[in-house]
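A.B. asks: Okay, here's the structure, questions in a sec.
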Amino acid sequence: MENCIFCKIVKGEIPSYKVYEDDDFLAFLDIHPQSIGHVQIIPKEHFRWVWDVPNTGRYFEVSKKVALAQQKAFNTEMILCRITGEEVPHAHIWVFPSKNVLGDKMDFVGNAEKIKKEIE
């Protein structure tokens, strides 16, 4: 989709702080985080809704991988998930620690590195 901001992120036309990437999915820090380490997980191919993604099981496996890494990176059990799709017309899953986690939610480089370290 030509004007989709997430498609532009996938193509590298808009910079992002990536925490995970494979052939089908990309996970990156949200630019307007709900809490520290808030990640958007998207399919690289444009689909309007999460439910349109053909390999939804794999999609949720990636989401689980990110959530488990966030638990370790931010020393918390409570990781939240949200699927709405209102803000950007591209399938996306929000995964983020509860708001009681201490730290600077705008420290994109530091937060991305913490999550990536726990995924690897």
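A.B. asks: What do you get for the angle between helix 108-119 and the principal long axis of the chain? Use alpha-carbon atoms, 0 to 90 degrees, nearest ten.
C.D. replies: 90
A.B. asks: Between helix 56-73 and the chain, what is the angle of the helix's C-alpha long axis to the longest principal axis, kept within 0 to 90° and rounded to the nearest 10?
C.D. replies: In the chain, helix 56-73 runs at an angle near 20 degrees to the longest axis.
A.B. asks: Amide H neighbours of F25 under 5 Å, at least 5 residues apart or on other chains, H built in the peptide plane: list them.
C.D. replies: When sequence neighbours closer than 5 places are left aside, the close amide H contacts are K44.
A.B. asks: Taking θ as phi - 60°, what are the ³J(HN,Hα) couplings along the range 35-49 by the Karplus curve (6.51, -1.76, 1.60), each to the nearest whole Hz, with x for Gly and Pro?
C.D. replies: 7, 4, x, 5, 10, 9, 10, 10, x, 5, 7, 6, 10, 5, 10
A.B. asks: If I build a Gaussian network model for the chain, linking alpha-carbon pairs within less than 10 angstrom, which residue out of I93, I14, I36 has the largest mean-square fluctuation?
C.D. replies: Maximum among the listed residues: I14.
A.B. asks: With contacts defined as alpha carbon pairs under 8 Å and 6 or more residues apart, what's the relative contact order of the chain in percent?
C.D. replies: Numbers: 210 pairs, mean separation 37.8, N = 120.
Once normalised by length, the contact order is 32 percent.
A.B. asks: Among the listed pairs K65/K105; K8/K72; K11/K72, which are separated by more than 25 Å between their Cα atoms?
C.D. replies: Result: K8/K72; K11/K72 exceed 25 Å.
A.B. asks: Right, another one. Among the GluC sites (Glu not before Pro) in the range 1-82, which ones are in a DSSP loop with at most 10 other Cβ atoms within 10 Å of the Cβ? Mind listing them?
C.D. replies: E2, E13, E77
A.B. asks: Using 0.36 nm per residue, how much length does the chain from K64 to D52 gain when fully extended, once their Cα-Cα distance is taken away?
C.D. replies: Stretched fully, the K64-D52 segment lengthens by 2.4 nm.
A.B. asks: Give me the one-decimal nm value for the distance between modelled label points at I31 and V88, 7 Å along each residue's Cα-to-Cβ direction.
C.D. replies: Using points 7 Å along Cα→Cβ, the separation is 0.9 nm.
Here, each number is a calculation from the coordinates, and none is a lab measurement. Not measured: the values here are computed from a predicted model. All Cβ positions, even for glycine, are placed from backbone atoms using ideal geometry, and neighbour counts span all protein chains on display.
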